[in-house]
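Enquirer: Dumping the structure here so I can ask a few things about it.
The values are calculated or read from the model by the stated rules, or taken from the named source; none is laboratory data. Values in this document were obtained by computation on a predicted structure and should not be read as measured data. Don't worry about glycine lacking a Cβ; one is built from the backbone with ideal geometry, like all the others, and counts go over all protein chains shown. Side chains are part of the model used for accessible areas, which takes the heavy atoms of the whole protein and leaves out ligands, DNA and RNA. Shrake-Rupley method; radii C 1.70, N 1.55, O 1.52, S 1.80 Å.
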Amino acid sequence: NGKLAVRYEFIKNYAIRGAVGTGFRAPSLQQQYFNNSYADISTSGIGIVTKGIFANDSEAAQILNFDKLKQETSVNGSLGFTLKPAKGLFITLDGYLIKVKDRIVITSNITDSRLANYGVESGRFFANAIDTETKGVDLVVSYDWKLAGGNLNINLAGNYTETKITDFHFPQNLGTPQNEF
């Protein structure tokens, strides 16, 4: 991981700041090793069926050509302003962009006749199946006020965030539509 950050105060109490960095997140223990089967009501009206959640190194995952889980990687950047226009008043405004590659998600139920060998009608799997892009803006306004021999701090914070899927990585042999997540 690496990060480079800079801040430049171009006029007293008014500054611009920015940062770029990289990151990673390893699969959690539950994502790597969780296996479970459970009873569920069939959507096709045949009654109670058994479904499963399988680890990516299980035989069921190998039969369906799932890759073993790997770390998610990311690249991020931010740009913002800080200002102190009056005594006790602080304002920060920051925009950011985060791109995550190989994000780990759990699939919807995958029905495949080969899963019957494991005693289930369908299965779900954790997979490095998508890439995402998140962008957003943060605004924080803070005011410190001396009041009746004490201090009053008033904060107002707002955030707008949007995340979208930019790419899918899914075993081709399953023919699973991209909107199944």
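Enquirer: Which residue, Leu152, Ser113, Thr73, has the largest displacement toward the positive end of the dipole of the range 67-152 when charges sit on each Cβ (Lys, Arg +1; Asp, Glu -1)?
Expert: Leu152
Enquirer: Given the options Ile110, Ile130, Ile98, state which has the largest fluctuation in a GNM of the chain using a 10 Å cut-off (strictly under) for Cα springs.
Expert: Residue with maximal mean-square fluctuation among Ile110, Ile130, Ile98: Ile110.
Enquirer: Within the range 1-104, list the trypsin sites (Lys or Arg not before Pro) lying in a DSSP loop whose Cβ has at most 10 other Cβ atoms in a 10 Å radius. Display every interim value, and only then the final one.
Expert: On the way: sites: Lys3, Arg7, Lys12, Arg17, Arg25, Lys51, Lys68, Lys70, Lys87, Lys99, Lys101, Arg103; in loops: Lys12, Lys68, Lys70, Lys87.
Those that pass, being in a loop and sparsely packed, are Lys12, Lys87.
Enquirer: Using a Gaussian network for the chain with springs between C-alpha atoms less than 10 Å apart, which of these wobbles most: Ile63, Ile16, Ile46?
Expert: Looking only at Ile63, Ile16, Ile46, the biggest GNM fluctuation is shown by Ile46.
Enquirer: Rank these residues by their accessible area, most exposed first, probe 1.4 Å: Tyr118, Tyr8. Write out the running numbers ahead of the final one.
Expert: Details: Tyr118 70, Tyr8 140 Å².
Ranked from most to least accessible, the order is Tyr8, Tyr118.
Enquirer: Just the ratio, please: alpha-carbon radius of gyration of the range 14-164 over 2.2 N^0.38 Å, N its number of residues. Numbers along the way, then the final one.
Expert: Numbers: Rg = 24.2 Å, N = 151, 2.2 N^0.38 = 14.8 Å.
Working it through for the range 14-164, the quotient is 1.63.
Enquirer: How large is the direction-averaged shadow of the alpha-carbon convex hull of the range 86-181, in nm²?
Expert: Details: hull surface 41.2 nm².
The Cα convex hull of the range 86-181, projected and averaged over all directions, gives 10.3 nm².
Enquirer: Can you tell me the length gained on complete extension of the stretch Ser108 to Gln71, counting 0.36 nm per residue apart and subtracting the Cα distance?
Expert: My answer for the length gained is 11.2 nm.
Enquirer: Under a Cβ-Cβ cut-off of 15 Å, what is the net charge of the residues other than Trp145 that fall near it, where Lys and Arg count +1 and Asp and Glu count -1? If you can, show how the numbers build up before the last one.
Expert: Numbers: positive: Lys84, Lys87, Lys146; negative: Asp144.
Within the 15 Å Cβ shell, the charges total +2.
Enquirer: Within the set Lys51/Lys164; Lys68/Lys99; Lys12/Lys99; Lys3/Lys164; Lys51/Lys101; Lys84/Lys146, which residue pairs have Cα atoms separated by over 27 Å? Could you put the intermediate results ahead of the total?
Expert: Values: Lys51/Lys164 29 Å; Lys68/Lys99 22 Å; Lys12/Lys99 34 Å; Lys3/Lys164 24 Å; Lys51/Lys101 29 Å; Lys84/Lys146 17 Å.
Listed pairs above 27 Å: Lys51/Lys164; Lys12/Lys99; Lys51/Lys101.
Enquirer: Counting C-alpha atoms alone, how compact is the range 1-62: give Rg to one decimal and Dmax as a whole number, in angstrom.
Expert: Final numbers for Rg and Dmax: 24.7, 72 Å.
Enquirer: Just subtract the alpha-carbon distance of Phe24 and Tyr8 from 0.36 nm times their residue separation and send over the number in nm, one decimal.
Expert: On the way: separation 16, 0.36 × 16 = 5.76 nm, distance 2.83 nm.
Taking Phe24 through Tyr8 to full extension adds about 2.9 nm, to one decimal.
Enquirer: Leaving out ligands and nucleic acids, and using a 1.4 Å probe, what accessible area per residue does the range 41-181 come to in Å²? Each step should come with its number before you reach the end.
Expert: Values: 8390 Å² over 141 residues.
For the range 41-181, the solvent-accessible area averages 59 Å² per residue.
Enquirer: At q = 0.19 Å⁻¹, what base-10 log of I(q)/I(0) does the Debye formula yield for the range 31-83 when every alpha carbon is treated as an equal point scatterer in vacuo?
Expert: The computed values of log10 I(q)/I(0) come out as -0.80.
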